[in-house]
Amino acid sequence: MNGHPSIDPQRVPHHIAIIMDGNGRWAQQRHRPRLYGHKVGVESVQEIVECARDWGVKVLTLYAFSSENWKRPEKEVGGLMSLLKAYLLSELSKMLKNSVRLTCIGDIPRLPADVRKVLQQTIKETKNNDKLILNLALSYGGRLELVHAVKGIAAKVQENSLSPDDIDEKLISEHLYTAHLPDPDLLIRTGGEARLSNFLLWQASYAEICFTDTMWPEFRRDAFAETIAHYQGRERRFGRTSAQLEGN
Ligand code: FPP
């Protein structure tokens, strides 16, 4: 499986970030528990990772668990943590075979110790893979990330290793959880809501945003290709005029 008839392989977005929303509602519409929606959502994760890798996407960031998701019922939080752990354990061999490197962003120390252990092990074992970076946002919140970055910068100023004059956009980017990644080109949210929900607030400044009504458990190969084709039909101007871009 290589490429998709709807997308131009020459202009595939380098970094795609996804808010995987709609698992709970999808399950409830089927009179099934919310966790069933998350379970089928894992199948979408598997399919989308495979497509991204095959189509030449270089970074795929998935919002798997937000800092606000800790407020959900204990049973759902526990269920999501188990799914995450099982996913990492079962996918490792595929990641190695397909040269997928796993990274993560978020307040990782807050995750349960067993999940953290599997996560760190997977990150270590896949660190030399270079086809696709699968970056999982876990216990992630954009505002929290900025607080974390500002604290890091302030500490350096305090110990005189940095002057306030050194602070610019690049330096702030380098203190975010995403320091190892370029900004996303395309941000997709499934599930019908049109909100950013505290996701990549700094990094998404120039991203194209695509909201789709498709619920995450049903977001598969063709739906993914459709959002990429839509992105390819748009023009990114980064604040310039169309004429300026044509002159480049
Ligand atoms: C949002 O749906 C989805 C989540 C909070 C979790 C997403 C998790 C997965 C897809 C599975 C685990 C992830 C990996 C990477 C293995 P929702 O419950 O908010 O849906 P709703 O808006 O319909 O209630």
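Got at least one residue in the stretch 2-14 being near the ligand (Cβ under 8 Å from one of its atoms) and among the small types (Gly, Ala, Ser)?
From the stretch 2-14, those near the ligand (Cβ under 8 Å from one of its atoms) are none; that's our starting set.
No, the stretch 2-14 contains no residue that is near the ligand (Cβ under 8 Å from one of its atoms) and among the small types (Gly, Ala, Ser).
Of the residues Gly106, Gly78, only one is farther than 27 Å from Leu176 by Cα, modelled with pLDDT of 95 or more and within 15 Å of the ligand (Cβ to nearest atom); which?
Numbers: Gly106 fails: farther than 27 Å from Leu176 by Cα.
After applying the criteria, what remains is Gly78.
Which of the residues spanning the stretch 137-177 are farther than 30 Å from Ile18 by Cβ and among the small types (Gly, Ala, Ser)?
To start, the set of residues in the stretch 137-177 that are farther than 30 Å from Ile18 by Cβ comprises 154-167.
Ala154, Ala155, Ser161, Ser163 - these are the residues of the stretch 137-177 that are farther than 30 Å from Ile18 by Cβ and among the small types (Gly, Ala, Ser).
Could you grab me the full set of residues in the stretch 174-192 that are away from the ligand (no atom under 16 Å from the Cβ) and among the hydrophobic types (A, V, I, L, M, F, W, C)?
Leu176, Ala179, Leu181, Leu186
List the number of the failed condition for Lys127; all other conditions in (1) surrounded by fewer than 17 Cβ atoms within 10 Å (Cβ to Cβ); (2) within 11 Å of the ligand (Cβ to nearest atom); (3) closer than 28 Å to Val12 by Cβ hold.
(2)
Could we say that Ile133 is in contact with a helix residue (DSSP H, G or I) (Cβ under 9 Å, 6 or more places away or on another chain), hydrophobic (A, V, I, L, M, F, W, C) and not in a helix (DSSP H, G or I) here?
No, not satisfied.
Do you know which residues across the stretch 29-51 are in contact with a helix residue (DSSP H, G or I) (Cβ under 6 Å, 6 or more places away or on another chain) and near the ligand (Cβ under 7 Å from one of its atoms)?
Selection gives Arg34, Gly37, His38, Gly41, Val42, Ser44.
Return yes when Phe238 is surrounded by fewer than 11 Cβ atoms within 10 Å (Cβ to Cβ), more than 21 Å from His4 (Cβ to Cβ) and in contact (Cβ under 8 Å) with a residue 24 or more places away in the chain and no when it is not.
Details: surrounded by fewer than 11 Cβ atoms within 10 Å (Cβ to Cβ): yes; more than 21 Å from His4 (Cβ to Cβ): yes; in contact (Cβ under 8 Å) with a residue 24 or more places away in the chain: yes.
Yes; evaluated as a whole, the condition is true for this residue.
Out of the stretch 52-75, which residues are within 12 Å of the ligand (Cβ to nearest atom), of a type in the set (A, V, I, L, M, F, W, C) and out of contact with any Gly (no Cβ under 8 Å at 6 or more places or on another chain)? Explain how you work it out, then say what you get.
Quick first cut of the stretch 52-75, residues within 12 Å of the ligand (Cβ to nearest atom) only: 60-73.
Those still in the list that are of a type in the set (A, V, I, L, M, F, W, C) too: 60, 62, 64-65, 70.
Across the stretch 52-75, the qualifying residues are Leu60, Leu62, Ala64, Trp70.
Quick check on my filter: what residues within the stretch 17-59 are over 30 Å from Pro73 (Cα atoms) and of a type in the set (Val, Ile, Thr)?
Going through the stretch 17-59, the residues over 30 Å from Pro73 (Cα atoms) turn out to be 50-59.
Selection gives Val57, Val59.
Scan Asn160, Asn129 and give me the residue that is at pLDDT 95 or above, polar (S, T, N, Q) and in contact with a Lys or Arg (Cβ under 9 Å, 6 or more places away or on another chain).
Working: Asn160 fails: in contact with a Lys or Arg (Cβ under 9 Å, 6 or more places away or on another chain).
None of the others qualify; the one that does is Asn129.
Can you pull out the residues in the stretch 130-150 that are under 30 Å from Gly78 (Cβ atoms) and either of a type in the set (Lys, Arg) or touching a strand residue (DSSP E or B) at 6+ places or on another chain (Cβ under 9 Å) (or both)?
Leu132, Ile133, Leu134, Asn135, Leu136, Ala137, Leu138, Ser139, Tyr140, Gly141, Arg143, Glu145 - these are the residues of the stretch 130-150 that are under 30 Å from Gly78 (Cβ atoms) and either of a type in the set (Lys, Arg) or touching a strand residue (DSSP E or B) at 6+ places or on another chain (Cβ under 9 Å) (or both).
Take Ala137 and tell me if it is at pLDDT 95 or above, within 28 Å of Leu88 (Cα to Cα) and within 14 Å of the ligand (Cβ to nearest atom). Let's see the steps before the verdict.
Values: at pLDDT 95 or above: yes; within 28 Å of Leu88 (Cα to Cα): yes; within 14 Å of the ligand (Cβ to nearest atom): yes.
Yes.
The values are calculated or read from the model by the stated rules, or taken from the named source; none is laboratory data. Nothing here was measured: the structure is a model prediction, and the numbers come from that model. Positions of Cβ are backbone-derived with ideal geometry, glycine not excepted, and every protein chain shown enters the neighbour counts.
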